[in-house]
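One structure is given below, encoded as structure tokens.
Every number here is computed from the coordinates shown, using simple stated rules; none is lab data. Quantities reported herein were computed from a predicted structural model and do not represent experimental measurements. Using ideal geometry, Cβ is built from the backbone for each residue, glycine included, and neighbour counts are taken over all protein chains shown.
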Amino acid sequence: MKVGFIGLGIMGKPMAKNLLKAGHEVCVNDFHPESVAELVEAGATSAATNAEVAKDVEVVITMVPNVRAALLEKDGVIDGASSDTVIIDMSSIDPVESKKISAELKEKKGIEMLDCPVSGGEPKAIDGTLSIMCGGNKEVFDKYVDLLKAMGSSVVYVGEIGSGNVAKLANQMVVASNIGICAEAMTFAKKMGTDPELVYQAIRGGLAGSTVMDAKVPMMLEGNYKPGFRIDLHIKDLNNALNASHAINMPVPMTAHMMEVMQELKNHDEGSCDHDDIIRYYERMTGVSVVKGK
Ligand code: NAD
């Protein structure tokens, strides 16, 4: 299948490579020429604008922070797409914005859009084992589910357009609080004079264990804050979760609390760090570090 891929960042680059490995013809674009060059080296073609990416492909996938700009603004996908082009946005955005963008694409050019955000981070993007949550027209989903399976091991249809991003926000709420309590528990162990690494080994196989714990606690113990998933992006997601839940009059106290923790990190110029950096909020508050040897 001929596929356009826009946004070759931490996530998009390995996802586009997996489409190539699955035998698809991929045309790419990104603001960073070196990322484009890397994909061309791997077998992709490239185009100078997002409009040009859309000209000769059946499907355009976006994996960018600003989806509206990539799709609808100057030289955006809509300028090159036809009514037969299908757009699959795999970025994480506000579900309300996803619905609005989809409606504009349909009204202006009759274009179908699916919202299919992902979870799993860079390691699963590389392995092609992402969890993909999908919203939009079910027939369109059924047609492209195999394409999505080239990037993920779990591809679940959730409902109408926007539903994929509702699932993703739920995911981000759980991940934020889960990292937060892991950081709190590891700091508690250290302050009690018990080795946090041994506490981690002791509890990871029990009810407290989680994918988040196994991904993030080892990073905290190594003092590794290399992203992964940046604090700035998690703030964006929690902001969307707060807006969406307030719009339906639902208080979300745990999400709101984690948002404030992340604001503290941002104020310390740590917005570009991985979200395991939440451990440094506890470090500043308690004066102890869980990093091995410290
Ligand atoms: P990133 O900042 O690493 O990459 C984004 C890339 O998109 C950059 O290379 C940038 O140059 C490019 N880009 C931005 N706007 C563009 C445009 N208009 N045209 C062409 N290229 C453009 O971000 P990321 O971490 O890969 O995240 C991308 C999306 O995936 C975000 O919505 C994020 O929330 C979501 N996400 C990220 C992770 C993760 O672990 N990093 C996990 C799940 C979901």
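Structural remarks
- When shorter helices are ignored and each DSSP H run of at least 4 residues is given -39500 (n - 2.57), the per-residue value for the chain at 222 nm works out to -16500 deg cm²/dmol.
- Taking every C-alpha pair closer than 8 Å and separated by at least 6 residues, the mean separation divided by the residue count of the range 220-294 gives a relative contact order of 49 percent.
- Helix 163-191 vs. the chain, principal-axis angle (Cα, 0 to 90°, nearest 10): 20 degrees
- In this structure the amide hydrogen of Cys27, modeled in the peptide plane, comes within under 5 Å of the amide hydrogens of Val3, Gly4, Phe5, Thr45, none closer than 5 places in sequence on its chain.
- Of all the options Val158, Val28, Val199, the one that moves most in a Gaussian network model of the chain with Cα springs shorter than 10 angstrom is Val199.
- The chain - share of DSSP beta bridges that are antiparallel (%, nearest 5): 15 percent
- The overall shape of the range 88-200, judged from the alpha-carbon gyration tensor, is prolate: a/c is not under 1.5, and a/b is greater than b/c.
- Taking each residue as 0.36 nm, the span from Glu104 to Asn137 lengthens on full extension beyond its C-alpha to C-alpha distance by 10.3 nm.
- Computed over the chain with a Gaussian network model linking Cα atoms closer than 10 Å, the most mobile of Lys74, Lys143, Lys13 is Lys143.
- Student exercise, the chain dipole from Lys, Arg, Asp, Glu Cβ charges, in Debye to nearest 20: 560 debye
- Value of relative contact order over the range 147-294, rounded to a whole percent, pairs C-alpha under 8 Å and six or more apart: 32 percent
- Here the label points at His32 and Phe188, each 7 Å from Cα along the C-beta direction, are separated by 3.8 nm in the simple model.
- Max-minus-min Cα coordinates of the chain on each principal axis give 63, 47, 34 Å, with the largest extent listed first.
- Taking every C-alpha pair closer than 8 Å and separated by at least 6 residues, the mean separation divided by the residue count of the range 1-111 gives a relative contact order of 25 percent.
- Rounded to the nearest 20 debye, dipole of the range 36-159 from Cβ charges on Lys, Arg, Asp, Glu: 320 debye
- Approximate spin-label separation Glu58-Ala202, in nm, with each point projected 7 Å along Cα-to-Cβ: 5.6 nm
- Using θ = phi - 60° in the Karplus curve 6.51 cos²θ - 1.76 cosθ + 1.60, the 3J(HN,Hα) couplings for the range 78-89 round to 4, 5, x, 7, 10, 5, 7, 6, 10, 10, 10, 8 Hz; x is entered for Gly and Pro.
- Two-site FRET efficiency, Glu260 against Thr49, from Cβ-Cβ distance with R₀ of 41 Å, rounded to 0.05: 0.55
- Considering only Pro14, Pro65, Pro95, the mean-square fluctuation computed in a Gaussian network model of the chain, springs between alpha carbons under 10 angstrom, is largest for Pro65.
- FRET efficiency, His246 to Val40 (Cβ-Cβ, R0 30 Å, nearest 0.05): 0.10
- Part-to-part distance (alpha-carbon centres) for the range 1-63 and the range 278-293, which is given in Å: 40 Å
- For the range 194-279: rounded, prolate or oblate by the Cα gyration tensor [a/c cutoff 1.5]: oblate
- This ranking places Met250, Met11 by how few other beta-carbon atoms lie within 10 Å of each, fewest first, which gives Met250, Met11.
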